[in-house]
Each structure stands twice: as C-alpha cells, then as structure tokens.
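The values are calculated or read from the model by the stated rules, or taken from the named source; none is laboratory data. Keep in mind the model is a prediction, meaning the values are calculated, not measured. Note that each Cβ is placed from the backbone with ideal geometry, even for glycine, and that neighbours are counted across all protein chains shown.
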C-alpha cells in the first residue's frame, strides 16, 4: 500500500535520474558548433548542393556551342564507274570500267557563325537555371538554420521551464510539510492541509509534463542535426533587446537579398532567354562547313578530296507555328514579372509583421519582468502571513502559482522574441546578425548548472 502511494514519486525520481545520466554524458554544443554540424550532416543541404552541381555541369556542357564541330567518319565502300572516253585523236570511243573498294575516312567540320542569337540565349538560359538552383540552396540553408534556432533555443526554453516547475514543486512540497506540521499542532484544519496536497500534486504533474516537453524538443533537435548523440547546449537563451535597425531597413534588405525573390528573378531571366530563342528561329543561319578525305584512294572520282564553303540556311516554313511559340515565351516572361511583384508585396508584409511581433515580444518581456518581481514578493509575504495564521493554505498556493505563471510568461516572451527575430532575419536574408543577440556564457558553467537541476532529488 505504501509503495503504491509513492509510486508516482518513485517514477519521477527514476526518470530525472535517467535524464541526469544522459546529460552528464553529453558534450557541450554551442550555437556555432550546432550550425557546423547542421551544414555537414543535413541530407537536404547535400541534395540541394548536388542539384546546383548538376546544373553547373549542364552549363559547362554548353560552353562550346559557338565553336567548330568536328566529326570523323569511317566507312567501308565499293563502287564501279563506267567511263566513255571520246577524243579526235581516238579512232572510236573507248569504254572502260573502274572498280574500287576500301575504307573511306573523312573529317567533317561545321562551324555556326550566326544563328540569330540562339547560342548566346541558350547559354544565358542555363546560367540562369544555375542561379535559380543556387538561390534555392541558399533558401534551404536559411530555412534549416532558422529551424535550428527554433529548436536549439526551444530546448533551452524547455529546460528553463523545467527549472521553474521544479522550483515550484520544491516550494509547494515545503509548504505541504509546513502545513502538516501546523495541522499536527492544531494551528490549521484538515482542509488547509489538503489544499497544500492538491497544489503539490498539480505541481508534480506539471513538472512531469515539462520534462516530457524537454525530451521531445531535444529529440527534434537531434533529428535536425542528423545525430544520435545527446548534447548539453551551451549557448543560453538570449534576452530580448531593441532592434538595431528600422522596419524599412529590413524591408530593403529583403527585397535585395531574399533567396525566394532571387529564384523568381532567375525564372524570369530564363523566360526572357527562351523568348530570344524562339525569335531567333525567324532569322537565317550562317555557317562554315568543310570536309577532308584522309584515304584518298577510296574517294569516288566524282567527289573532291577536300571541300570548304560558306553556307546560309533560312527556314521558310516550320512544323510548329513560330509566332505562337514567341507569344507563349513572351507570356511566360510576363507571368514571371507578375509573380515577382506578388512576392515583393508578400515579402514586405511578412517583414513588417515579423518586425511588429519582435517589438511586441520586447514590450511584453519588459512588462513581465516587473510582474515576476511583484509576484515573487507577494508569494514571500503570503508564506510569512501563513506562518502567522493570517492567511489560508489556499492563499499561499495561489500566490505561488501566480509567481510560477509570471515566470513562465516571461520565459515564453523571451523565446517568442527569439522566434520572431529569427523569422524577421529569415525574411530579410540577415540570419548572420542573430549572433549579435548572444551574450558570452561559459559552456562549462551553463552545462554544469543544467546538470545540477536534473540531479536534484525529490
């Protein structure tokens, strides 16, 4: 019966002991190291890098489009030619047959001199496709980095919540012990003592919930880092501070360097080059062509040993309607322009919304700091008043819960600031500025403090 009564407490103690063991074996990991781990391990980044490389290979493959094209042909031939020779010097026409066979080897050359700009447009189009892939790579990298920031400081936030819940549970346990002593002395009734027990039970449930949330976010961080190791995060959750720039500055940066916008510009450039390709089909083509027979004894008598000539080719008709193809390419370019304008509008809205969210979290944090201080003072006074018999146990637990709630709201505001600020920097392409928020903290001290918290017994 006694074991059954204390089973939840024993379970919580064993769980905390297990977490403490894992943390003790974990290596400190600061934010910069986490970014390096992400960049080296992320399969998504590796896939995007491979896509960039593939398009770069295709671009390299088109470098020689405007150079002469050489070919080598070898063929086995046999032919017979009947010749009739007449001459005033001959008494009668002479007929003879010439038969030859052998291997004929020929070198051919074709050099496009002018094709209406199609070669240059094709090369520019593939380079624009490379630029699109590079912008996509940058976007994926920034999105993963922003996700890393959310999870890294999400784990720090969850750990701080765990600390608050643990301290609240400890305070409620002390209050219950005091209430039991006062009940035994006849200073309070059974109801007051039961109120303290109910509050402590709630505190234990909330502590367990906080621990589960900490484990969940730690597992999500491991997944993003593609690592099975557990880490002791050594960069503390930063405190909110005023933004270094105005909203307009972030908007300008977003319009200048946001990778999603860069992708759309690259798509429009591809559409423009496709329009140039379609228009070039109306133009004549000028080329230099030639050939040289390496094995002259097998060359037919009616063909030269070598030839070189300048040619012009102009397609009068085509199996496709070239005007419609030009109209289609032009419409694609117009479509890309509309998408760019829409993206610019949405990007500006997103930056301004994120900027307001950052400001709101900063204001909330500053106000909540005062609330935490007042709630702490109120809880201390209620404890003293309870010891003097001036208030009930419910008054004490309510004040403690208010203090805990104020602390959690303060932490939520700090984490909300980090999330909103990283989103603002993601929109504006300025994630490298995030480090300006960070204060130098001893890795060993921070990890040691976390271990002490999880090592606490109940």
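Which members of the range 95-119 meet the condition of being within 24 Å of residue 270 (Cα to Cα) and in contact with a helix residue (DSSP H, G or I) (Cβ under 8 Å, 6 or more places away or on another chain)?
112, 115, 116, 117, 118
With respect to residue 280, determine if the residue is touching a residue at least 24 places away in the same chain (Cβ under 8 Å), surrounded by fewer than 18 Cβ atoms within 10 Å (Cβ to Cβ) and either closer than 13 Å to residue 116 by Cα or in contact with a helix residue (DSSP H, G or I) (Cβ under 8 Å, 6 or more places away or on another chain) (or both).
On the way: touching a residue at least 24 places away in the same chain (Cβ under 8 Å): yes; surrounded by fewer than 18 Cβ atoms within 10 Å (Cβ to Cβ): no; either closer than 13 Å to residue 116 by Cα or in contact with a helix residue (DSSP H, G or I) (Cβ under 8 Å, 6 or more places away or on another chain) (or both): yes.
In short, no.
What's the number of the only condition in (1) within 30 Å of residue 137 (Cβ to Cβ); (2) surrounded by 14 or more Cβ atoms within 10 Å (Cβ to Cβ); (3) modelled with pLDDT under 85 that residue 34 fails to meet?
(3)
When you look at residue 303, is it farther than 30 Å from residue 424 by Cβ and modelled with pLDDT of 90 or more, yes or no?
no
Could you please let me know if residue 252 is under 24 Å from residue 415 (Cβ atoms) and either at pLDDT 90 or above or outside any helix (DSSP H, G or I) (or both)?
no
One residue is enough: does the range 70-85 have a residue meeting the conditions at pLDDT 90 or above, surrounded by 13 or more Cβ atoms within 10 Å (Cβ to Cβ) and touching a strand residue (DSSP E or B) at 6+ places or on another chain (Cβ under 9 Å)?
no
Which one of 141, 133 is surrounded by 18 or more Cβ atoms within 10 Å (Cβ to Cβ), modelled with pLDDT of 95 or more and in contact with a helix residue (DSSP H, G or I) (Cβ under 9 Å, 6 or more places away or on another chain)?
Testing whether each residue is surrounded by 18 or more Cβ atoms within 10 Å (Cβ to Cβ), modelled with pLDDT of 95 or more and in contact with a helix residue (DSSP H, G or I) (Cβ under 9 Å, 6 or more places away or on another chain) leaves just 133.
When you go through 190, 166, 155 one by one, which is the residue that is free of Cβ contacts under 8 Å to residues at least 60 places away in the same chain and either surrounded by 20 or more Cβ atoms within 10 Å (Cβ to Cβ) or in the same structural domain as residue 232 (by TED's automatic domain parsing) (or both)?
Result: 190 is the single residue among 190, 166, 155 that is free of Cβ contacts under 8 Å to residues at least 60 places away in the same chain and either surrounded by 20 or more Cβ atoms within 10 Å (Cβ to Cβ) or in the same structural domain as residue 232 (by TED's automatic domain parsing) (or both).
Write out, first by first residue and then by second, each pair whose Cβ atoms fall under 9 Å of each other, whose residues are 6+ apart or on separate chains, and whose first residue, in the range 245-265, is outside the structural domain of residue 425 (by TED's automatic domain parsing) while the second is in a helix (DSSP H, G or I) and buried (at least 18 other Cβ atoms within 10 Å of the Cβ).
none
Among the residues of the range 33-77, write down those that are more than 30 Å from residue 288 (Cβ to Cβ) and not in a helix (DSSP H, G or I). Quick ask: steps written out before the conclusion?
Step one: list which residues in the range 33-77 are more than 30 Å from residue 288 (Cβ to Cβ), which gives 33-56.
Within the range 33-77, 42 is the sole residue that qualifies.
Restricting to the range 297-346, count the residues that are surrounded by 15 or more Cβ atoms within 10 Å (Cβ to Cβ) and assigned to a loop (DSSP other than H, G, I, E, B).
Residues flagged as surrounded by 15 or more Cβ atoms within 10 Å (Cβ to Cβ) and assigned to a loop (DSSP other than H, G, I, E, B) within the range 297-346 amount to 1.
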